[in-house]
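Taking it in order: structure first as structure tokens, then the write-up.
The values are calculated or read from the model by the stated rules, or taken from the named source; none is laboratory data. The shown structure was predicted, so the numbers you read here are calculated from the model rather than taken from an experiment. Note: ideal-geometry Cβ built from the backbone for every residue, glycine included; neighbour counts use all protein chains shown.
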Amino acid sequence: MGLLGLGTVGCGVVKIVENHQDKLKHQVGCSVKVKKALVKDLHKDRLVNIDEKLLTLHAEEVLEDPEIDVVIEVMGGVEEARHYILRALKNRKHVVTANKDLMAVYGSELLAAASENNCDLFYEASVAGGIPILRSLVDGLASDRITKMMGIVNGTTNFILTKMNNEGSSYEEVLHQAQALGFAEADPTSDVEGIDAARKMAILATLGFSMNIELKDVQVKGISSVSEEDLEYSKKLGYTMKLIGIAHREKEKVEVSVAPTLLPHAHPLASVQNEYNAVYVYGEAVGETMFYGPGAGSLPTATAVVSDLVGVMKNMRLGVNGKSMVSPQFQKTLKEKEEVQAKHFLRVHVKDEVGVLSHITNLFSNKGVSFEKILQLPLKEDALAEVVVVTHHASLQRYEDLLEELAGMPMVKEIKSSYRVEGEVAV
Ligand SMILES: NC(=O)c1ccc[n+]([C@@H]2O[C@H](COP(=O)([O-])OP(=O)(O)OC[C@H]3O[C@@H](n4cnc5c(N)ncnc54)[C@H](OP(=O)(O)O)[C@@H]3O)[C@@H](O)[C@H]2O)c1
């Protein structure tokens, strides 16, 4: 094999291949060797001992070498990686990648190129690192019809929300802690604004629903505006807040979103702590299943990469490379806002005057949005009160119309926050 990149994941791949050589040989019938590894800096300290002669600064030494059967892309980035993968496939090399940024945007193009060249292109590590979720959707649940997936697929945001929840700290404080511990990047935008999770949900929805779901189809809201007060109220009402990716199919229409979401404390996803990931999958026949594990890290991610490599090599022995990829069965049809049904948590600051609550409840009733719970609490600030509502299911369109009208009411000072709610709290 040839490696494009020898960083956190690439070094993990080398370690696993070295340490599990006997097992790999038993599984695929031959030994597995690294022939070349593309890097940016030949003299950098690496997490593995590797012969310097195997390192190169020139991609063609990997992509054009006839002795390299499988290219492992673990360098990251989008355009360069895409260009290298297309070149590898053109040269009839199978590809394994861990690159969700790339697969969420160019997945269908790259899979088509792989198929044209009778090559495999596997990408298990691109979603939820060490959890074998893609293979479970494609193989393990192949006989079922998946209707819904809910995922905690970004470790950084789960770490931040867990700490905020457990320690009552602010978003900014915990973000700094996460950066110091290496759980958040110096520029955390892609994680905290939900974009990384959205990429993974696009990949999950594409495979789970057999529809070409793209990043632009995912509605995204991140966690950067989540406050300690939101978490306090969530807890009091029996909910835990998580950044949840939801992919839901009803008949043949789908919605895919990523947003801070309130889950009942008893929901299995509510207990997923720190940087861990989990994906909850509902199948018509199987019912509810949950996949849980480390979403990142050198060895967990490399495990998924090397398992894909084993898959490629087994296909090589059988002469069936490029045959296992099934193109999407269904035309993509996204739900309109009127068709997206959800419950919502809403926190509003209003004037502390007689009759305000009845004006608000009238608005809800006029808009056809009923509520499960409503609380009114005085605020320290003079003449203001806080109203917290959990609605019953309502269409997104109705709920958004309601928010717009609510914001324009003279007694409403500010809509502080609004989040999706999933599931029922046991009374
Ligand atoms: N880290 C994780 O836990 C994790 C989990 C799931 C998926 N992934 C995905 O796996 C991929 C790799 O992540 P990583 O954490 O291993 O990254 P990393 O530690 O930054 O390693 C990247 C490697 O690629 C090399 N590289 C980058 N750009 C290059 C270029 N233009 N030309 C030549 N070499 C280049 C770097 O060379 P130098 O070493 O010489 O700088 C380095 O060896 C990414 O797509 C990431 O999203 C990572």
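Structure above, values below:
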quantity	calculated
Residue in segment 275-291 that is surrounded by the most Cβ atoms within 10 Å (Cβ to Cβ), counting only those that are within 16 Å of the ligand (Cβ to nearest atom) and at pLDDT 95 or above	VAL279
Candidate set from segment 265-274 (those that are of a type in the set (A, V, I, L, M) and surrounded by 15 or more Cβ atoms within 10 Å (Cβ to Cβ)); member that is farthest from the ligand (Cβ to nearest atom)	ALA270
Residue within segment 233-247 that is more than 24 Å from ALA426 (Cα to Cα) and either of a type in the set (S, T, N, Q) or surrounded by fewer than 18 Cβ atoms within 10 Å (Cβ to Cβ) (or both) present	no
Filter result (surrounded by fewer than 22 Cβ atoms within 10 Å (Cβ to Cβ), among the small types (Gly, Ala, Ser) and in a helix (DSSP H, G or I)) within segment 302-330	SER307, GLY311
From LYS221, LYS251, residue being under 19 Å from GLU422 (Cα atoms), more than 16 Å from the ligand (Cβ to nearest atom) and of a type in the set (D, E, K, R)	LYS221
Where LEU3 falls short, out of the listed (1) closer than 21 Å to CYS119 by Cβ; (2) free of Cβ contacts under 8 Å to residues at least 24 places away in the same chain	(2)
Residues of segment 110-130 that turn out to be more than 22 Å from GLY423 (Cβ to Cβ) and either within 13 Å of the ligand (Cβ to nearest atom) or assigned by TED's automatic domain parsing to the domain that holds MET241 (or both), as a count	7
Scan of segment 102-128 for residues that are of a type in the set (D, E, K, R) and touching a helix residue (DSSP H, G or I) at 6+ places or on another chain (Cβ under 6 Å), ordered by number	ASP120, GLU124
Residue list for segment 1-47, restricted to those being aliphatic (A, V, I, L, M) and over 19 Å from GLU124 (Cβ atoms)	LEU6, VAL34, ALA37, LEU38, VAL39, LEU42, LEU47
Unique match (being among the small types (Gly, Ala, Ser), within 16 Å of the ligand (Cβ to nearest atom), buried (at least 17 other Cβ atoms within 10 Å of the Cβ) and modelled with pLDDT under 95) among ALA202, ALA198, ALA296	ALA296
Residue within segment 146-157 that is part of a loop (DSSP other than H, G, I, E, B), in contact with a helix residue (DSSP H, G or I) (Cβ under 6 Å, 6 or more places away or on another chain) and within 22 Å of SER298 (Cα to Cα) present	yes
Residue tally, condition of a type in the set (Val, Ile, Thr) and over 15 Å from ASP101 (Cα atoms), over segment 205-231	3
Selection count where residues are surrounded by fewer than 21 Cβ atoms within 10 Å (Cβ to Cβ), charged (D, E, K, R) and not in a helix (DSSP H, G or I), scope segment 107-142	0
Every pair of residues 6+ apart whose Cβ atoms lie under 8 Å, when the first sits in segment 33-60 and is small (Gly, Ala, Ser) while the second is part of a loop (DSSP other than H, G, I, E, B) and surrounded by 13 or more Cβ atoms within 10 Å (Cβ to Cβ)	ALA37/GLY5; ALA37/LEU6; ALA37/ILE50
Residues of segment 180-228 satisfying the condition of being in a loop (DSSP other than H, G, I, E, B) and among the small types (Gly, Ala, Ser)	GLY182, ALA184, ALA186, GLY194, SER210, GLY222, SER224, SER225, SER227
LYS36 of a type in the set (Lys, Arg), surrounded by 15 or more Cβ atoms within 10 Å (Cβ to Cβ) and in contact with a helix residue (DSSP H, G or I) (Cβ under 6 Å, 6 or more places away or on another chain)	yes
Residue match in segment 306-316 (condition: within 16 Å of the ligand (Cβ to nearest atom) and hydrophobic (A, V, I, L, M, F, W, C))	yes
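Each row is one residue, and each column tells you yes or no for (1) modelled with pLDDT of 95 or more; (2) more than 14 Å from the chain's Cα centre (by Cα).
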| site | (1), (2) |
| --- | --- |
| PHE122 | yes, yes |
| ALA125 | yes, no |
| GLY129 | no, no |
| ILE133 | yes, no |
| ASP144 | yes, yes |
| MET150 | yes, no |
| VAL153 | yes, no |
| ASN158 | yes, no |
